[in-house]
Structures are given as structure tokens and as C-alpha cells.
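Undergrad: The structure that follows is given in the form of C-alpha cells.
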Amino acid sequence: MATIRKRSGNWQAIVKRKGYGQISRTFDTRADAELWASTTESEIGHGKYVPARTRESENTTLSEALDRYEREVSSQKKSHEKEKVYMRQWKRTPLAKRFLAAIHGKDIAAYRDARLKEVGANAVRHELALLSHLFTIAVKEWGMGELVNPVRQIRKPVAPPGRDRRLRPDEEKALLAACGKYNSELSLIVRFALETGMRRSELAGMIWDRVDLKKRTALVDEKHPTKPKSTRLVPLSPEAIRILSELPRRIDGKVWGSGSNYITIAFIRVVSRARATYEKECKEKGMKPDLAFLVDLTFHDLRHEATSRFFEKGLNPMQVAAITGHKTLQMLKRYTHLKAEDLAELLAKG
């Protein structure tokens, strides 16, 4: 008689017969497992059973597949650290104990809907993208050609619109004041970011050997998770040169002593402190605080602000792209939201 047992959230049917050894298959429900076992025993009894190759996808859990994906695929990517976050998330779900063959589109759709109640659409899209690539690799490289990618069977969350957060003059003043109290270098980094539009990773990776103060240029490494490493020569404004001239020369040759992660953490703390100071001042003056002041501000918004300022100075898209490193006009449109009142002034001059 066949053995039916529950394993990792699925139902496994095991049939043992002399001359055939142990035959097993995994199913979503007990009823399906019992039906297969009964049919297999009948076929063996009538001499009609044809042994099938054991499918690896029916014996590999999602958790095991994620471990293999990290070792063989994700560890080779620049985005490995980010993908580790997505993989940990998948391992926390009940699906992690399911065999790959037992994960279907309806399961991923249910995960999508539940997850959207916890995080934003963009985060869910990244999580689904990782899982989809895992299934693609399993089919193409791990010999699981029978698998159907369940992520391709569902609707993806609608991508959120690009951020249009601009830095108000009063916010900039409060932010720089808070930076100065927190860390003098952070204040310089923020000012430099607003002058150059550099990404956080590009700033952190700057070295003096690649900075030419006479020609007013800096060669930086462009880093993108899915693209080959490249370099970009960034023109520096007079203010950017003044900022660099204030810096001491480090023994390790780096321009800044702060790494990418430190810049992010420090910026978050400074914005929080600046907001707290603002609320305290409002209370002392008997004023109602502006709910949007220094709220939802990220370090990457400084790049957006710098890019917008370049356009407001009259630079054309090609000139701005040469400074910021944006590859297409569409990418520039996402970051550039010119102030209507400034455009009105330009029209008036015409």
C-alpha cells in the first residue's frame, strides 16, 4: 500500500514495489497524491507502468533554490546586497517550504496582494523580479525544463511615478545647519552633491588622483546593478572647487572619509534632527509646523535637485547629461521638474 505523507507544505506519495524500488511524486493536495499512488500501483500490477525520471523541481524547495541562486547567480551581481534583502523576504514566507513544481501563479498572486498591504509597489516588483529570474535560471541552467515560471502568469504591480521631490530654500538652509552640527564633512558632501548631481556611490568612491582642480574635472566610476562598470568625467563648478579646496588630503587617497552606507545613515539622522529643531522653533513661536517641511527627503533627492537646477540655469539636455551621466532624455525627464514660476519668467523675457 502506498504511503502518503505531508512534507514541506505539500503531499508526497510513495509507492514501493519489488523490481521498481521506491517511486515518489509530490502534489498540492492529498487527493491528488492518493489518485496518483492508486493509478501507479494499478499500472505496476498490470505491467503497464513506465518509470519516469525523478523531477528535481519536485524535490527542491524554494528555500533550497534561493540558497543555490545566491551562490551561483546573485553573488556575481553588483546588486547582490540588495538581492539578499529580497531573498530573505522570500525565505520568511510559507512558499519557502514548497517545492518549486508546487508553486503556481495563484500562489504568487496571493503573495503579491498581501505584500502590497505591507510595502510599496516598487518593492514588490523587485521581489517578484528576483523570483522570476530564479525560475528562469532553474529552467535554463538547472535542468528543470518542465517548470512553468509562475511570476509570468500574474499581473505585476503598477510602477509608482518617479519622485519629484524638490528642496525648498528654507529646507536647504535648515538641512545644512543640521549637517554642520552633526559632521562637518557631511555638510560639505551635501553641498557638493547639490553642485555636481553625483550619486552617493560616485561621491564615496572619489579619489584625489582622479581630480584635476586646474581643469575643474573629476573622473568617477559609474555603478549600476545591471550594467558594466564605466567611468564619467564630471565638470566641476567654481563652488564645487571651493568645497574640495576645504578638504584635507587623506593618507588613503580618498576625497571623502565617509562610505556610501555612512552617508545614507548620517543623512537620515540629520534630516530627522533638522525636522525636530524646526518643530521646536515653531512651538516656541506659536506657529503651526508645515507638515511637508523636511519630510520624505532622501539623499538621492539631492541629485534630482541638482539636475533640476542645471536646467534652470539654461543648460540643454546634452549638457546636463554630460554632468549627471543620465543616458537618455527619458531618464532626465524623470528627475527634472522645473518650477512653473521660473519657466514663466523665461517666457516673459522672450
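The rows are residues; the columns are (1) within 17 Å of SER132 (Cβ to Cβ); (2) outside the structural domain of HIS126 (by TED's automatic domain parsing).
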position	(1), (2)
ALA33	no, yes
TRP36	no, yes
GLN76	no, no
GLU83	yes, no
TRP90	yes, no
ASP107	yes, no
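Undergrad: Taking PRO225 as meeting all but one of (1) at pLDDT below 90; (2) part of a helix (DSSP H, G or I), write down the number of the exception.
TA: For PRO225, the exception is condition (2).
Undergrad: Continuing with the same structure: Limited to segment 7-49, what total is found for residues that are without any contact (Cβ under 8 Å) to a residue 40 or more places away in the chain and under 22 Å from GLY105 (Cα atoms)?
TA: Residues in segment 7-49 being without any contact (Cβ under 8 Å) to a residue 40 or more places away in the chain and under 22 Å from GLY105 (Cα atoms): 9 in total.
Undergrad: Among (1) modelled with pLDDT under 90; (2) assigned to a helix (DSSP H, G or I); (3) surrounded by fewer than 19 Cβ atoms within 10 Å (Cβ to Cβ), where does ASP113 come up short?
TA: Going through (1) modelled with pLDDT under 90; (2) assigned to a helix (DSSP H, G or I); (3) surrounded by fewer than 19 Cβ atoms within 10 Å (Cβ to Cβ) one by one, ASP113 breaks only (1).
Undergrad: Same structure, new question: Are there any pairs, at least 6 apart or on different chains, whose C-beta atoms fall under 8 Å, with the first in segment 69-83 and free of Cβ contacts under 8 Å to residues at least 40 places away in the same chain and the second polar (S, T, N, Q), and if so, which?
TA: Once the first residue is free of Cβ contacts under 8 Å to residues at least 40 places away in the same chain and sits in segment 69-83, its partners that are polar (S, T, N, Q) give HIS80/SER74.
Undergrad: Another question about this same structure. Would you be able to tell me the number of residues in segment 62-88 that are among the aliphatic types (A, V, I, L, M) and in contact with a Lys or Arg (Cβ under 8 Å, 6 or more places away or on another chain)? Can you show your working first?
TA: Keep residues of segment 62-88 that are among the aliphatic types (A, V, I, L, M), which gives 62, 65-66, 73, 85, 87.
Going one step further and asking which of them are in contact with a Lys or Arg (Cβ under 8 Å, 6 or more places away or on another chain), we end up with 62, 66.
Adding up the residues that qualify gives 2.
Undergrad: Something else about it: May I ask you to say which residue of PRO157, PRO150 is over 27 Å from ARG303 (Cβ atoms), touching a helix residue (DSSP H, G or I) at 6+ places or on another chain (Cβ under 6 Å), surrounded by 14 or more Cβ atoms within 10 Å (Cβ to Cβ) and not hydroxyl-bearing (Ser, Thr, Tyr)?
TA: Within the list PRO157, PRO150, the selection yields PRO150.
The values are calculated or read from the model by the stated rules, or taken from the named source; none is laboratory data. Just so it is clear, the model here is predicted, and its values are computed rather than measured. Positions of Cβ are backbone-derived with ideal geometry, glycine not excepted, and every protein chain shown enters the neighbour counts.
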